[in-house]
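Please read the structure below before turning to the comments.
The values are calculated or read from the model by the stated rules, or taken from the named source; none is laboratory data. Because the structure is predicted, anything quoted here is derived from the model rather than measured. So basically every Cβ, Gly included, is an ideal-geometry build from the backbone, and we count neighbours across all protein chains shown. Accessible surface areas use protein heavy atoms only, side chains included; no ligands, DNA or RNA. Shrake-Rupley method; radii C 1.70, N 1.55, O 1.52, S 1.80 Å.
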Amino acid sequence: HHPGPSVRVMATLDHLTHGRVGLNVVTTAKDRSAQNFGQPKLPPHDERYVMADEWMQAANALWDSWEPDAVKVDTQTPLYADPSKVHTPNFVGTYWSTRGPLNTIPGPQRRPVVVQAGASDAGRAFAAKHAETMLAHGISIEGMKAFRKDMQERLAANGRDASSLK
């Protein structure tokens, strides 16, 4: 899905759930999924994560297009939002572009909790950069400890606290 309408839907759901919505960012694994979106097959594995990273950049640009104090709802002026606090990001990437700003007010969380499931190198890199929650893969205690250590190192490399990813 394009980031523009996706971000609007997530903002709406965030309002409806009073800040209890999450977003599972899926790069998918089967060509049949691509065919549901009019594509004959999926792009190569690592390219899908490049696309997802750019999708997140575009989505974040939209979520960030409203400053936290932009909504005024001043009936005396009248002024709903301070236009100097609503920005047009004009995000242009290789795969996604969006002028913005987000055409609704951000939800209570400002951005939903991001979930990611990929355990490949590209998936781990994506999670370390964008996710708050990650589905962990492992078949042993030692394997899970190694997985967590790897993710902690990746989080640190992205300037994030190790506790920021559950």
TODO: Report, by residue number, each residue of the range 113-139 that is part of a loop (DSSP other than H, G, I, E, B) and at pLDDT 95 or above.
DONE: Ala131, Glu132
Task: Output for the range 112-131, where each listed residue is under 16 Å from the mean Cα position of the chain (by Cα), open to solvent by 10 Å² or more (accessible area, probe 1.4 Å) and without any contact (Cβ under 8 Å) to a residue 60 or more places away in the chain - done: Arg124
- [ ] Kindly check whether there is at least one residue in the range 39-59 that is open to solvent by 80 Å² or more (accessible area, probe 1.4 Å), of a type in the set (A, V, I, L, M, F, W, C) and over 17 Å from the mean Cα position of the chain (by Cα).
- [x] no
- [ ] May I ask you to list the residues in the range 65-91 that are surrounded by 11 or more Cβ atoms within 10 Å (Cβ to Cβ) and either assigned to a helix (DSSP H, G or I) or free of Cβ contacts under 8 Å to residues at least 12 places away in the same chain (or both)?
- [x] Lys72, Asp74, Leu79, Tyr80, Lys85, Asn90
- [ ] Quick one: count up the residues across the range 36-50 that are within 17 Å of Pro5 (Cβ to Cβ) and assigned to a helix (DSSP H, G or I).
- [x] 0
Task: Unique residue being in contact with a Phe, Trp or Tyr (Cβ under 6 Å, 6 or more places away or on another chain) and among the small types (Gly, Ala, Ser) when the list is Ala58, Ala29 - done: Ala58
